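Here the structure comes first, spelled out in structure tokens, and everything after it is commentary.
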Amino acid sequence: MTTGDLSTLLVWAAATAFTIALVAYAVDLSRVADAAQRRAAAKTAVPATVPAGAGGGAAPAPEPPADVPARSARAEGIARSTTYLGIVLLLAGIVLRGVAAGRWPTANMYEFTIVGVFVAVVVLAVVQRRRVIVFVGVLVMGIAVLALVLALNAFYIQADAVQPALHSYWLVIHVGVAIIATGIFTVAFAASVLQILADVRETGPKPVDAPRAWTDGMRRAVVGPRFAWVDQVPDARELEALAFRLNALAFVLWTFTLIGGAIWAEHAWGRYWGWDPKEVGTFVAWVVYAAYLHARTTRGWSGRRAAYFVFVGYAVVLANFTVVNLFIDGKHSYSGL
Amino acid sequence: MSTYRPEGLDDAFTQVAEPPAAAGTDGGPDVRLPALGAVGWLRWAWRQLTSMRVALLLLMLLAVAAVPGTLFPQRAQDPPGVAQYLIDHPTTGPWLDRLGFFGVYSSVWFSAIYLLLFASLVGCILPRTKVHLAGVRGRPPRTPRRLGRFPAQGGATTDDAPRDVAERAAATMRRGWSWLPFVPTYRVDVHDEGGGTWSAAGERGYLRETGNLVFHLALVGLLVSVATGQMLHYRGQALVVQGRGFANAQVDYDTFEQGSAFDPASLEPFTLRLDEFESRFDPETLQSRDFTAHVTLTEPGDEPQQRTIKVNHPLSAGGAKVYLQGNGYAPQVTVHDAAGEVAFAGAVPFLPQDEVYTSRGVVKVPDVSGGQAQVGLVGYLLPTALEAAPGLWRSTDPQPTDPLLVLSVWSGNLGLDTGVPQNVYELDESRMEQSVDADGDVVTLYVRPGETVDLPDGLGTLTFDGLPRFVALDLRHDPALPFVLVFALLAFAGLAASLFAPRRRVWVRAAPGTGADAGRTVVTAAGLARGDDIGLQPELDRVLAATLPDQDTPDRTTPRTARSTDAEADAPTSTVPRGTPR
């Protein structure tokens, strides 16, 4: 077995570990949802039984609401340990990939994806260190597993040296920082999704703005018992603060990606900016996240509306990586993938 | 302290510190309703332009407007793509062209958006800079009467005198970081509030606003430097064959473009000669691994110097940078006409078409002896030729291990005298005829280096003398480059400071106790931060702990994460969810 094959095997192993972590998080989430649902049911049931019990003595409480464990410690333990195991396996896979290729492993989509997943999961582990936010775990792990399997099956190419244009230390700095930013954006996106859900539940079933049929239906679904688990997560404000801190960090790194890319382009292509599709995509994502930062401090645009900018921004980041690489010809098209 | 807020900016940090009357300036119905007048309308328009909402709108417009540039081919990057698109879409194409979709980034609408955005930015940033400059010299705001409405809280009782407590709190806040002594963290004032009550008011993090302003101003600087560079730059492409030279003069470039303010006479007349070209390919995948051009550079008044140019390692010469953008083979051929005269001798660059350097080119042979037809030789160079099937040749390796020229022959009028500029890599076949053999099949010449073959129809002979390399060089001069870099780095530093430097206000008040605490000193403290700041409450606790060393646990009334930007000025402790539309 060559070093490259061993690296691939390790990445598969990491994908497996992350899948177990995903399942564990999902089990934990279902426990949380279950407990929350039972509690909500108990809450509505209690007033109904009280009048009946008032006549004929003390009626037994329908469910013990308070002492149901809200989360599964075992599932959380499994999620945590498999996450750490996966991180170690993936790191080993990335290092061996670099050894096999004889260079820094950030030169093509496969390597970008596995390193990006690594960063996202490390950020997740850091965020979850103090307080486990199960839904963020499910979402980030879901994206991580999906991205790893996609990378292994669709983006994979043999570990190899690179063409002259990539012979530069900027391959480490520019691409490395872009990957780190993408990983952090991923976790921030998950936090924003959760923020919206929490916010909708806190606001209640009444459509306050844009009373359109489909948003109304979505809102009612989120407010309903199926999403009762959302009550267990930190409130929308805390999630917004978390998303902002991550997005701010990633935005600064993204800015550095742009500047570093321009410096490298000046060395390699003879111009610092040429509206190459990848440059445009990076620029658009930068502008959208800049708009997000402005929206946060604009009256009437903070909170939920600002979170929509995160959705758009993350979609642009993903499209900039996938659509621009796969379907649009540009100067960033190296090695086909 | 005066403040400036663009219309729509939600900022509790300044709002809380200000008396509520000052916040009523936005949007309230004016008492005097007479005609606004031209100046009034202009002022209104300016206020709209510099408002947060319009800035937000323009940012999103900019993002949307940048997208078509990746969906449609652009003239600046891909002129053949545009031409092809116009052919494929005869109805929509010209309209898209008229609307600027093939030159999005220089179109009127794209320029309008970013110019408006920058106008909005300047209109917002300049007043803020003025206010900030005044604020930097100012003192922290006085301790508010009620401390209970701030996001971070703390308090304790102690036996120390109020004045000592306030002084100690001030000293604690002033003390710098352990790793950076002599730089005070907080700017602190101690106030005697009368009745034996003393307070310390501290503020830190002016760097946050400074960074914010630097970021925005650096963006303006960036735009100006890029525009200046556009005006003063020149850029040219030149194809240099091994053993040949190139002089930095406009006539020596194959293509040349310059900014409107560039003077071609200012080109520094250095010369460059390509001595050797090395290329390395992966033996299995045939992908390129390394290109090196060895050149001799002669700058005016200087000795010739040996230099190398590689991808990612441009050569600096005469204020310009020389980039290695392409390479290929330029077969050295000699053509004798039927009269035995040399009609053509030289190296003809053949442009590589694929990764095994199957290269296409044209040899145009003019008529030198009277009564001769002009000859055009069109075809391919195969660096390592392999006959895949009878009569079907292809290249298997980019390195010239077994080169072969495969040419078809045309004769007639090349059209060189028409005065219309010609593409040297294409043959205008409209006035020419292709040579065919007796059976009517097209004649194909196969020539290896050193061989001489007869041209059909008695047109003469062709000799393949050798196979030198050529490099495609790109020269660019942009005097604004250092400015672009400096402004970009300033913007980066400013951005990082504006997002990561905490801006905090901390107040500690020590008052003589009443009731049960009579005879003791009651200490209350509060903190306010700009934006989300998880470090605010810990910092307040730290200040209190250092102020009251004998106190074990300062009682924290609200152990919550600090937040303020979004909070209503009068009810920061309310639990209105952040996302509630207001």
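The values are calculated or read from the model by the stated rules, or taken from the named source; none is laboratory data. What you see is a predicted model; the values in this text were computed from it and never measured. Here Cβ is always computed from backbone atoms with ideal geometry, including for glycine, and neighbour counts include all displayed protein chains.
For A:Ala262, the test of being more than 15 Å from A:Ala181 (Cα to Cα), surrounded by fewer than 21 Cβ atoms within 10 Å (Cβ to Cβ), within 9 Å of another protein chain (Cβ to nearest Cβ) and modelled with pLDDT of 90 or more is passed. Look through the range A:177-206, keep the residues that are within 19 Å of A:Gly260 (Cβ to Cβ) and not aliphatic (A, V, I, L, M), and return whichever of them is nearest to the other protein chains (Cβ to nearest Cβ). This residue is A:Phe185.
Taking the range B:354-395 as the range and being under 16 Å from B:Asn423 (Cβ atoms) and of a type in the set (D, E, K, R) as the test, the residues that pass are B:Arg360, B:Lys364. The residue of the range A:267-279 that is nearest to A:Ala250 (Cα to Cα), among those that are within 7 Å of chain B (Cβ to nearest Cβ) and touching a residue at least 40 places away in the same chain (Cβ under 8 Å), is A:Pro277. Looking at the range A:288-337, which of its residues are within 22 Å of the chain's Cα centre (by Cα) and either among the small types (Gly, Ala, Ser) or not assigned by TED's automatic domain parsing to the domain that holds A:Pro277 (or both)? Listed by number, the residues that qualify are A:Ala290, A:Ala291, A:Ala295, A:Ser302, A:Gly303, A:Ala306, A:Ala307, A:Gly313, A:Ala315, A:Ala319. For the range B:32-68, enumerate the residues that are within 12 Å of chain A (Cβ to nearest Cβ) and either part of a loop (DSSP other than H, G, I, E, B) or without any contact (Cβ under 8 Å) to a residue 40 or more places away in the chain (or both). Within the range B:32-68, B:Ser51, B:Leu56, B:Leu57, B:Met60, B:Ala63, B:Val64, B:Val67, B:Pro68 qualify. Considering the range A:139-176, the residues that are surrounded by fewer than 21 Cβ atoms within 10 Å (Cβ to Cβ), assigned to a helix (DSSP H, G or I) and within 14 Å of chain B (Cβ to nearest Cβ) include one that is modelled with the highest pLDDT, namely A:Ile173. Whether a residue is facing chain B (nearest Cβ under 7 Å), touching a residue at least 40 places away in the same chain (Cβ under 8 Å) and buried (at least 21 other Cβ atoms within 10 Å of the Cβ) was assessed, and A:Gly303 passes this test. Among the residues making up the range B:30-69, a single one is of a type in the set (S, T, N, Q) and surrounded by fewer than 18 Cβ atoms within 10 Å (Cβ to Cβ): B:Gln48.
For the condition facing chain B (nearest Cβ under 7 Å) and under 22 Å from the mean Cα position of the chain (by Cα), A:Val222 does not qualify.
With A:Leu242, A:Leu249 as the choices, which residue is buried (at least 22 other Cβ atoms within 10 Å of the Cβ) and either of a type in the set (Lys, Arg) or more than 7 Å from chain B (Cβ to nearest Cβ) (or both)? Of the residues listed, the single one that is buried (at least 22 other Cβ atoms within 10 Å of the Cβ) and either of a type in the set (Lys, Arg) or more than 7 Å from chain B (Cβ to nearest Cβ) (or both) is A:Leu242. Within the range A:192-211, residues that are under 18 Å from A:Phe311 (Cβ atoms) and in the same structural domain as A:Val312 (by TED's automatic domain parsing) sit with their Cβ atoms under 7 Å from residues that are among the aromatic types (Phe, Trp, Tyr) and modelled with pLDDT of 90 or more, at 6+ positions apart or across chains, in these pairs: A:Ser192/A:Phe311.
Could you tell me which of the residues B:Val368, B:Val362 is in the same structural domain as B:Glu433 (by TED's automatic domain parsing), closer than 30 Å to B:Thr461 by Cα, touching a residue at least 12 places away in the same chain (Cβ under 8 Å) and not in a strand (DSSP E or B)? Within the list B:Val368, B:Val362, the selection yields B:Val368. All conditions but one from (1) surrounded by 24 or more Cβ atoms within 10 Å (Cβ to Cβ); (2) more than 10 Å from chain B (Cβ to nearest Cβ) apply to A:Ala291; the one that does not is (2). Could you look through the range A:75-111, keep only residues that are surrounded by fewer than 18 Cβ atoms within 10 Å (Cβ to Cβ) and modelled with pLDDT of 90 or more, and pick out the one that is nearest to the chain's Cα centre (by Cα)? So the residue we want is A:Tyr84. Looking for whichever is surrounded by 23 or more Cβ atoms within 10 Å (Cβ to Cβ), of a type in the set (Gly, Ala, Ser) and within 17 Å of B:Leu58 (Cβ to Cβ) here; the options are A:Gly313, A:Gly281. Which one fits? After applying the criteria, what remains is A:Gly313. When each of B:Phe110, B:Phe72, B:Phe118 is tested for being more than 30 Å from A:Arg296 (Cα to Cα), crowded, with 16+ Cβ neighbours inside 10 Å and under 29 Å from the mean Cα position of the chain (by Cα), the lone residue that passes is B:Phe72.
Residue-wise test of (1) assigned to a loop (DSSP other than H, G, I, E, B); (2) outside the structural domain of B:Glu355 (by TED's automatic domain parsing); (3) under 46 Å from the mean Cα position of the chain (by Cα).
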| site | (1), (2), (3) |
| --- | --- |
| B:Pro400 | yes, no, yes |
| B:Leu407 | no, no, yes |
| B:Val424 | yes, no, yes |
| B:Glu433 | no, no, no |
| B:Gly440 | yes, no, no |
| B:Thr463 | no, no, no |
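Looking across the range B:389-408, just one residue is of a type in the set (A, V, I, L, M, F, W, C) and touching a Pro at 6+ places or on another chain (Cβ under 7 Å), and that is B:Leu405.
Quick check on the range B:543-550. Is at least one of its residues at pLDDT 75 or above, under 37 Å from the mean Cα position of the chain (by Cα), of a type in the set (A, V, I, L, M, F, W, C) and surrounded by 15 or more Cβ atoms within 10 Å (Cβ to Cβ)? Looking through the range B:543-550, none of the residues is at pLDDT 75 or above, under 37 Å from the mean Cα position of the chain (by Cα), of a type in the set (A, V, I, L, M, F, W, C) and surrounded by 15 or more Cβ atoms within 10 Å (Cβ to Cβ).
Residues in the range A:316-327 that are buried (at least 16 other Cβ atoms within 10 Å of the Cβ) and over 25 Å from B:Leu56 (Cβ atoms): A:Phe321, A:Val324, A:Asn325.
When the residues of the range B:257-289 are filtered to those that are aliphatic (A, V, I, L, M) and in a strand (DSSP E or B), the one that is nearest to the other protein chains (Cβ to nearest Cβ) is B:Leu272.
Going residue by residue through the range B:463-472, is there one that turns out to be more than 30 Å from A:Asn247 (Cβ to Cβ) and within 12 Å of chain A (Cβ to nearest Cβ)? Scanning the range B:463-472, I find at least one residue that is more than 30 Å from A:Asn247 (Cβ to Cβ) and within 12 Å of chain A (Cβ to nearest Cβ), so the answer is yes.
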